[in-house]
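The values are calculated or read from the model by the stated rules, or taken from the named source; none is laboratory data. Please read all numbers here as calculations on a predicted model, not as lab measurements. Positions of Cβ are backbone-derived with ideal geometry, glycine not excepted, and every protein chain shown enters the neighbour counts. The area values use the complete protein model at the heavy-atom level, side chains included, leaving out ligands, DNA and RNA. Shrake-Rupley method; radii C 1.70, N 1.55, O 1.52, S 1.80 Å.
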Amino acid sequence: MGPYTVQNPKIHDKMYRWCSCGQSLNQPFCDDSHKGTQFKPYRFSIEQKVTEVNLCGCKLTTKKPFCDGSSCKAGAGGDAPS
């Protein structure tokens, strides 16, 4: 439920698809499990070189696809483990 850490993401030329439905077996990335639902993957790329990014696992983030650090806690009804 917490964030998924992606190490050394590719920048600029790689288009990622973040799972917004929560059904993907390839979390946090889309594997098209949403087919037949109202959900669609969120497409994004990394614009700056970074060593890691934290992608949201609870799907409640206000900064999709990135973890905002508080939505998982609110969705779980309390403090989430860090």
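For this structure, a couple of remarks:
- Each residue in region 25-38 was checked for being within 17 Å of Phe66 (Cβ to Cβ) and either of a type in the set (S, T, N, Q) or assigned to a loop (DSSP other than H, G, I, E, B) (or both), and 3 of them qualify.
- Among the residues making up region 48-69, those that are of a type outside the set (A, V, I, L, M) and touching an Asp or Glu at 6+ places or on another chain (Cβ under 9 Å) are Cys56, Thr61, Thr62.
- Test: residue in region 39-56 that is in a loop (DSSP other than H, G, I, E, B), open to solvent by 40 Å² or more (accessible area, probe 1.4 Å), at pLDDT 95 or above and of a type in the set (Gly, Ala, Ser): no
- Residue match in region 32-54 (condition: out of contact with any helix residue (DSSP H, G or I) (no Cβ under 9 Å at 6 or more places or on another chain), of a type outside the set (Val, Ile, Thr) and touching a residue at least 40 places away in the same chain (Cβ under 8 Å)): yes
- Region 1-38 - residue that is among the aliphatic types (A, V, I, L, M) and open to solvent by less than 70 Å² (accessible area, probe 1.4 Å) and, of those, nearest to the chain's Cα centre (by Cα): Val6
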